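Peer 1: Mind looking over this structure? Questions follow.
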Amino acid sequence: MNTKNRKSFKLFAAVCLAVQFVFCCHKPVSHQRAGMMEGAPNFRDLGGYRSGEGKQTVWGKVFRTQALDRLNDRDVEKMRKMGIKTVIDFRDDDEAEKAPSRLPEGVNRVRLPIAVGNNTSDSARQMMQSLQFDSLQCIHFMEDANRQFVTDFSAQYKAFFGVLLREESYPVVFHCTAGKDRTGFAAAILLSALDVDWDTVMKDYMLTGNYLKPPRLASQMPGQFASVLRLMWSVQPSFLNAARDEIMRRYGSMDAYLEKELQVGKAEKEKLKRCLLQSND
């Protein structure tokens, strides 16, 4: 093995270890960030992220994911054993009807539909073919969609926190179709409410690129459209930063947005922290 390959192997091994394992609770316990569900590769735990005052987010209570319609029987059984009590679905009515979730019996399903630009695969194909969409237009489209989470969908994200503020809701799973935009913004504002720094928030957002695969549709389209569709199904820092910049422009800070728009003030943040943070020891 030459020097370049050895360095690449060491880097790969280090990344794998960093993503998959961390110690928490009162005894050494290994936790899995992702790779839990065969039918939903982007299903992952939001535990293990450092917050302030020597705390970190707890493992096993909040999960983010893509759509759950392709879970197999083993996945459904795994969710049952995990004790999942609540699934929050940000997909619009058309998406949910076309791809109904597979869940264990007794799970509370909460629908909080967010329809931004009709960005399903079929709509994306029609839009690209009719408007001759290119990569730059796609980036602008995705950035605008993320801004709309702030400007147009406060009711849904307020209700999202309403679920999280009820202790009987946990463990909670939240998702959309790809598990990256509507879900990515939800994860970002939740972690921000727990005082996780933005660099860490962005790292969690970008992890989707490790697990999410573009739809098979991409391989069936001409090269230009296929590349745009892959970009649309990717995560780019500018997408999530567009939402954050909109928050800063309108409210001046994340805390002000959470309090004024989503009614997550100091008391609500403290309740979330009691439920979702633990000592780093």
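The values are calculated or read from the model by the stated rules, or taken from the named source; none is laboratory data. Owing to the predicted nature of the structure, the values given are computational and were not obtained by experimental measurement. Virtual Cβ from ideal backbone geometry, glycine too; neighbours counted across all protein chains shown. Please note that ligands, DNA and RNA were not included when accessible areas were found on the heavy atoms of the full protein model with its side chains. Shrake-Rupley method; radii C 1.70, N 1.55, O 1.52, S 1.80 Å.
Peer 1: Would you please name the residue that is least open to solvent (accessible area, probe 1.4 Å), looking only at residues in region 151-196 that are among the acidic types (Asp, Glu) and either without any contact (Cβ under 8 Å) to a residue 60 or more places away in the chain or in a helix (DSSP H, G or I) (or both)?
Peer 2: The first filter runs over region 151-196 and keeps only residues among the acidic types (Asp, Glu), leaving 152, 167-168, 181, 195.
With either without any contact (Cβ under 8 Å) to a residue 60 or more places away in the chain or in a helix (DSSP H, G or I) (or both) added as a condition, the list becomes 152, 167-168.
Numbers: Asp152: 93, Glu167: 127, Glu168: 125 Å².
Of everything passing the filter in region 151-196, Asp152 is least open to solvent (accessible area, probe 1.4 Å).
Peer 1: Would you mind telling me which numbered condition in (1) open to solvent by 20 Å² or more (accessible area, probe 1.4 Å); (2) at pLDDT 95 or above; (3) among the charged types (D, E, K, R) Asp134 fails?
Peer 2: (2)
Peer 1: Which residue, of Asp195, Asp204, Asp245, is at pLDDT 95 or above and more than 23 Å from Glu261 (Cα to Cα)?
Peer 2: Details: Asp195 fails: more than 23 Å from Glu261 (Cα to Cα); Asp245 fails: more than 23 Å from Glu261 (Cα to Cα).
None of the others qualify; the one that does is Asp204.
Peer 1: Between a residue in region 48-66 that is within 26 Å of Ser234 (Cβ to Cβ) and any residue that is polar (S, T, N, Q) and part of a loop (DSSP other than H, G, I, E, B), which pairs come within a Cβ distance under 8 Å, given they are 6 or more apart or on different chains?
Peer 2: Going by the 8 Å Cβ cut-off, the qualifying pairs are Thr57/Ser51; Arg64/Asn42; Thr65/Asn42; Gln66/Asn42; Gln66/Thr177.
Peer 1: Being open to solvent by 50 Å² or more (accessible area, probe 1.4 Å), within 30 Å of Leu136 (Cα to Cα) and not in a helix (DSSP H, G or I) is the filter here; which residues of region 234-276 pass it?
Peer 2: Gln236, Gly252 - these are the residues of region 234-276 that are open to solvent by 50 Å² or more (accessible area, probe 1.4 Å), within 30 Å of Leu136 (Cα to Cα) and not in a helix (DSSP H, G or I).
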